[in-house]
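What follows is one structure encoded as structure tokens, with my remarks underneath.
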Amino acid sequence: NNVILEVKNLTKHFEVGTGFFGSKKIVHAVEDVTFKLFESETLGIVGESGSGKSTLARLITGLINATSGQVIYKGKDITGYKKAVDNQIPKEIQMVFQDPYASLNPRIRIGDAIAEPIAVHKVISEKKEIRAEVERLLKLVGLQPEMYDRFPHEFSGGQRQRIVIARALALRPRILICDEAVSALDVSIQAQILNLFNQLKRKLNLTYIFIGHDLSVVRYISDRIMVMYLGEIVELAAADDIFNKKFHPYTQALISAIPEISPTFKSQRIILEGDIPSPIDPP
Ligand code: ADP
């Protein structure tokens, strides 16, 4: 299998003031993370809130700078590439975030929202062609092309997430990083969006990093699963192996926390927040 992305000893420390006599505290958000992402796979990342998942995603996309370590995309060092002269790479890695309400400007027609990155990055310059491209993207995510001129408030949460996905696809990325991309949605809608991700993966030969705090959701979509705890990788293995083999005690704790959180692990602060039901077993 081809390696599309390589993360080497990636580390991010945040300095936070505690307020007491100006004393500083260092938060080790991501600590010496090393892994390879293979072309066309879906790599799930799980871990309780605060384990460093989002920080890792933001480091990979260059939204924040690393304290140390490297991000290599197709053999090219793209660590903190926002500063780089060659800004070809960012287009290749796009993100989808949790909140489809916050991700869309209520005053911008959804078609124009999808068209914006196409125009900014000059993927296509002819106005008519941009519109045709947006209509193609709308169809691709299961929406009607006639919806181009509507505003975000006219759509449901699931539909809005489809719009957000269409916009992420506008720059024709090779890797899509989904950060809690279905967490804000109703259970039945979660399943629809997960299936959309799977369809898009086949059609566009995409590679995914799928971040979630709900292990059952992540298992549903992932080929491999990485388990993070306090900024470090504690486990990285095939999704089925994670569930069937004996692994790190923390991973065991995450698994045994489904569907109920056992009191033992509660006391260890291993939390699956909100106890969101799985899309595989709707209530
Ligand atoms: P997750 O996505 O797994 O919930 P995060 O990556 O958001 O975890 O956070 C990892 C750790 O880094 C947490 O302790 C969080 O408080 C801290 N952190 C994240 N972003 C910042 C920031 N901008 N400044 C200070 N600390 C941060």
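Of the residues examined, Tyr220 is one that is touching a residue at least 24 places away in the same chain (Cβ under 8 Å), within 25 Å of Thr55 (Cα to Cα) and aromatic (Phe, Trp, Tyr). Just to check your reading of the model, which residue among Val46, Val33, Val16, Val27 is open to solvent by less than 10 Å² (accessible area, probe 1.4 Å), near the ligand (Cβ under 10 Å from one of its atoms) and of a type outside the set (D, E, K, R)? Val46 is the lone residue from the list that is open to solvent by less than 10 Å² (accessible area, probe 1.4 Å), near the ligand (Cβ under 10 Å from one of its atoms) and of a type outside the set (D, E, K, R).
Being under 30 Å from His153 (Cα atoms) and surrounded by 18 or more Cβ atoms within 10 Å (Cβ to Cβ) is a property that Val141 has.
Working only within segment 202-235, note down all residues that are surrounded by fewer than 18 Cβ atoms within 10 Å (Cβ to Cβ) and within 22 Å of Asn2 (Cβ to Cβ). Result: Arg202, Lys203, Leu204, Asn205, Asp223. Under the condition of being open to solvent by 20 Å² or more (accessible area, probe 1.4 Å), of a type in the set (D, E, K, R) and not in a loop (DSSP other than H, G, I, E, B), the residues counted in segment 177-201 number 1.
Being at pLDDT 90 or above and within 23 Å of His28 (Cβ to Cβ) is a description that applies to Ile233. Being closer than 24 Å to Arg202 by Cα, more than 16 Å from the ligand (Cβ to nearest atom) and open to solvent by less than 20 Å² (accessible area, probe 1.4 Å) is a property that Gln94 lacks.
The values are calculated or read from the model by the stated rules, or taken from the named source; none is laboratory data. All figures in this text were calculated on a predicted structure; none of them were measured in a lab. Counting neighbours? That spans all protein chains shown, and the Cβs are built from the backbone with ideal geometry, glycine included. Ligands, DNA and RNA are stripped out before the accessible areas are found, and what is left, the full protein with its side chains, is counted by its heavy atoms. Shrake-Rupley method; radii C 1.70, N 1.55, O 1.52, S 1.80 Å.
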